[in-house]
Amino acid sequence: MHTQAKYLNFTVDEYLNLESQSVIRYEYIAGQVYPMLGDSEKLKIITGNLLTRLRTHLNGTECRVCSSDIKLRIEPLDIFYYPELSVTCDTQDRDKLVKRRPRLIVEVLSPITERIDRNEKFMNYKQLESLQEYVLVSQSEMKVDIYRKYNKEHWFVENLKSEDILKLSSVGLKMAIAEIYEDIEL
């Protein structure tokens with residue numbers, strides 16, 4: 001989630017230095033630095049539900065589930081984002097602060113970020129060769145959109161509702177959409 005750029009024309013090193021000295025998280029897009037907005041209670045619960053299921057499912061595998069405290073770098077575009085969740089299964093992608101090769105990314109939508117998450121971020125995330133699935137989760141209704149890579153240029157979307165099953169083929173997990181929204185009042 002980002003608002004207006006707080007800093008302009010920052011180098012990557014200046015950005016990383018700022019991040020190391022600040023309690024505020026910032027996203028970096030080609031020299032522009034954006035402060036992250038606070039997360040809603042619904043976003044935290046939805047993210048926690050998904051994080052718990054993914055971690056339990058992937059326990060004992062090479063895959064690592066990362067929360068929104070871990071930056072994701074898109075090097076060709078000079079971008080650092082903080083997705084709500086990402087999963088990397090590449091043993092070379094073990095930096096504790098920055099991931100580069102996710103196979104799954106999850107963003108939880110808000111009225112402020114939905115347009116950015118659906119358009120700008122998706123367009124940029126598609127540059128990651130490792131990415132197989134991009135999941136967008138609504139906070140306002142039981143609705144999940146999952147984008148799956150067909151080939152380098154083509155992605156297919158599946159729109160899921162409350163009674164559906166989310167199938168994350170990138171990590172071999174199936175779960176009811178209702179599980180994502182456990183403890184959420186809609």
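Is there a residue in region 51-64 that is under 28 Å from residue 18 (Cα atoms) and out of contact with any Leu (no Cβ under 8 Å at 6 or more places or on another chain)?
Checked against the condition, which is being under 28 Å from residue 18 (Cα atoms) and out of contact with any Leu (no Cβ under 8 Å at 6 or more places or on another chain), region 51-64 yields no hits at all.
Looking at region 145-160, which of the residues that are surrounded by 11 or more Cβ atoms within 10 Å (Cβ to Cβ) and not hydrophobic (A, V, I, L, M, F, W, C) is farthest from residue 64 (Cα to Cα)?
That would be 158.
Give the residues of region 170-186 that are at pLDDT 95 or above and either assigned to a strand (DSSP E or B) or loosely packed, with under 13 Cβ neighbours inside 10 Å (or both), sorted by residue number.
Passing the criteria: 172, 173, 174, 175, 176, 183.
Among strands (runs of 3 or more DSSP E) lying entirely in region 48-130, which contain 1 or more residues that are more than 11 Å from the chain's Cα centre (by Cα)?
Working: elements: 64-66, 71-74, 79-81, 85-88, 104-108.
It comes to 64-66, 71-74, 79-81, 85-88.
I'd like the residue in region 26-49 that is more than 19 Å from residue 114 (Cα to Cα) and crowded, with 17+ Cβ neighbours inside 10 Å and, out of all such residues, is modelled with the highest pLDDT. Don't jump to the end; show me each part of the working.
Within region 26-49, the first condition is being more than 19 Å from residue 114 (Cα to Cα), and the residues that meet it are 30-33, 48-49.
Then keep just the ones that are crowded, with 17+ Cβ neighbours inside 10 Å; that gives 32-33, 49.
Details: 32: 95, 33: 95, 49: 98.
If we take residues in region 26-49 being more than 19 Å from residue 114 (Cα to Cα) and crowded, with 17+ Cβ neighbours inside 10 Å, then 49 is modelled with the highest pLDDT.
Just name the residue that is surrounded by the fewest Cβ atoms within 10 Å (Cβ to Cβ) out of those in region 131-144 that are touching a strand residue (DSSP E or B) at 6+ places or on another chain (Cβ under 9 Å) and part of a loop (DSSP other than H, G, I, E, B). Lay out the reasoning, then the answer.
Restricting attention to region 131-144, the residues satisfying the condition of being touching a strand residue (DSSP E or B) at 6+ places or on another chain (Cβ under 9 Å) are 131-139, 141-144.
Right, trim to part of a loop (DSSP other than H, G, I, E, B) and you get 131-132, 138-139, 141-142.
Details: 131: 21, 132: 20, 138: 18, 139: 19, 141: 10, 142: 18.
Filtering region 131-144 for residues that are touching a strand residue (DSSP E or B) at 6+ places or on another chain (Cβ under 9 Å) and part of a loop (DSSP other than H, G, I, E, B), the one surrounded by the fewest Cβ atoms within 10 Å (Cβ to Cβ) comes out as 141.
The values are calculated or read from the model by the stated rules, or taken from the named source; none is laboratory data. Model, not experiment: these values are computed from the prediction. Ideal geometry is used to build each Cβ from the backbone, glycine not excepted, and the neighbour counts take in all protein chains shown.
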